[in-house]
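In what follows, a structure is listed as structure tokens, so that the remarks can point back to it.
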Amino acid sequence: MEKYAILLGYFDKQWLLLKKLNIQIISVDLSSYELRYVFALKVQQFYTATEDLMKQIAKGFENHIQDLSAFHKELLIRLNTEVPQIRPQVLSTNSFLFLDKVRAFRHFIRHAYDCELLEKELTTIQNQFKSHFEVLEKDFMQFRLFVEDLSR
């Protein structure tokens, strides 16, 4: 029970950060060339914070990732999967697809040293945050209730 209480504490702290980052991401004026780089940084931070939360969930339920070469994608797949008698699915298909796109963007930004951040492409990503964050929040909050029940 203690490990679930610890997970809840981490979850709540991390979720506040994710909400803050989401507000910042959807508020960036992408018509400003300089702010496009701020946007890219915020999206990276958002995915990294989300991934940290997902790692803690996987760790809390002994749901270890075996293939470390594909760790980032595998973590998403695992949390999109129910583990019978252990935990429900954390991420719906919509949240999985959204986060997978954000993961791919983070990978691109981390490894693209000489690229132009185009307003049109970034606007597409920004619109995905606007339309998918609520679904992601619903998924995580539903899972949080499951963990809260276990912590009692």
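Structure notes:
- The residue that is most open to solvent (accessible area, probe 1.4 Å), counting only those in the range 26-65 that are of a type in the set (A, V, I, L, M) and within 30 Å of Glu2 (Cα to Cα), is Ile65.
- Answer from Leu117, Leu75, Leu97 - the residue that is open to solvent by less than 90 Å² (accessible area, probe 1.4 Å) and under 23 Å from Tyr4 (Cβ atoms): Leu75
- When Val102 is tested against (1) open to solvent by less than 40 Å² (accessible area, probe 1.4 Å); (2) touching a Leu at 6+ places or on another chain (Cβ under 9 Å); (3) in a helix (DSSP H, G or I); (4) at pLDDT 95 or above, exactly one condition is not met: (2).
- Scanning the range 60-77 for residues that are at pLDDT below 70 and in a helix (DSSP H, G or I) yields Leu68, Ser69, Ala70.
- Any hit, the range 105-118, residues being of a type in the set (Asp, Glu), farther than 16 Å from Gln14 by Cα and in a helix (DSSP H, G or I): no
- Restricting attention to the range 102-125, the residues being under 18 Å from Leu53 (Cβ atoms) and either of a type in the set (Gly, Ala, Ser) or free of Cβ contacts under 8 Å to residues at least 40 places away in the same chain (or both) number 0.
- Candidates in the range 78-94 are the residues that are part of a loop (DSSP other than H, G, I, E, B) and among the aliphatic types (A, V, I, L, M); of these, the one that is most open to solvent (accessible area, probe 1.4 Å) is Ile86.
The values are calculated or read from the model by the stated rules, or taken from the named source; none is laboratory data. Predicted, not measured: the structure shown is a model, and the values here were computed from it. A quick note on method: Cβ atoms are made from the backbone with ideal geometry, for glycine too, and the neighbour counts reach across all protein chains shown. Note: areas computed on protein heavy atoms with side chains; ligands, DNA, RNA excluded. Shrake-Rupley method; radii C 1.70, N 1.55, O 1.52, S 1.80 Å.
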